[in-house]
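The values are calculated or read from the model by the stated rules, or taken from the named source; none is laboratory data. What you are looking at is a predicted structure, and each value in this text was computed from that prediction instead of being measured. Glycine also receives a Cβ, built like all others from the backbone with ideal geometry; neighbour counts cover every protein chain displayed. Note: areas computed on protein heavy atoms with side chains; ligands, DNA, RNA excluded. Shrake-Rupley method; radii C 1.70, N 1.55, O 1.52, S 1.80 Å.
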Amino acid sequence: VIQTTHFMIPAYVRHDTRELASQMHMPLRQRDIYQGHQCGVSPKQIYQLSCLGAWSKKGIVDEWLRILAKTGFHAVAVEHPAASLARLTRDEALMVHTGDDGLGVLAIRDGLSYIQHYASWRELHEEGGGRQLQHHTWASFLVRAVQRILNEYKHHFGRPLQRVIITQPAIEHLVRQTLRAHFRFEYTSLYLAHNLFMGGIEAYGAAVRGS
């Protein structure tokens, strides 16, 4: 579960992001979850602090950690894919990402993810009436998600997003075709150095954590 909350804080007040994150609504009991957050400040006289919180059931995370440990891997951190993807660029942009589990759109600023809208392939399949997933079904979600993010981002940061980063070259043409019918953007495709496999792109973002 992820959630974005915006706090309005006077510039002269020192803020503890952990304390602010604790004020965010947690959908599960604290003893049953792992939680984390990241916050970024909007440069205004009255600070606008945006915090992205993420929660996951301990049982799910512990099972993944057990599987990794059994195969000889040691997990340094567990985080939401949006946090990993945001580290792959310093641009202020929308990022459109598809993975094995679904389609996501996120707003990125200064290497942090502020807003995200996501739908699993299963949800999109059900939205299409349970039939084979059609282009118009996921395209409709993409347009709605982009419009929501544009509205929210401009409201909180005072300026629009003008660039779109597409993480998977295989869908680049379809994404551009869909968005150009509704918006005016500059488009960039995300490529990794040394011809690294794009299928595990979230792992590369996690690998540069703290660098």
Flag for LEU190 being at pLDDT below 80, among the hydrophobic types (A, V, I, L, M, F, W, C), open to solvent by less than 30 Å² (accessible area, probe 1.4 Å) and in contact with a strand residue (DSSP E or B) (Cβ under 6 Å, 6 or more places away or on another chain): yes
Helices (runs of 4 or more DSSP H) (entirely within the stretch 46-165) containing at least 3 residues that are over 19 Å from the mean Cα position of the chain (by Cα): 58-70, 121-127, 135-157
Selection count where residues are open to solvent by less than 60 Å² (accessible area, probe 1.4 Å), among the hydrophobic types (A, V, I, L, M, F, W, C) and modelled with pLDDT of 85 or more, scope the stretch 163-179: 5
Sole exception among (1) at pLDDT 85 or above; (2) in contact with a helix residue (DSSP H, G or I) (Cβ under 6 Å, 6 or more places away or on another chain); (3) open to solvent by 50 Å² or more (accessible area, probe 1.4 Å) for VAL78, by number: (1)
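So that you can scan it fast, the table gives a plain yes or no per residue for (1) in contact with a helix residue (DSSP H, G or I) (Cβ under 6 Å, 6 or more places away or on another chain); (2) within 22 Å of CYS51 (Cα to Cα):
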site	(1), (2)
LEU88	yes, yes
ASP101	no, no
GLY104	no, yes
SER113	yes, yes
SER120	no, no
LEU133	yes, no
VAL143	no, no
GLU152	no, yes
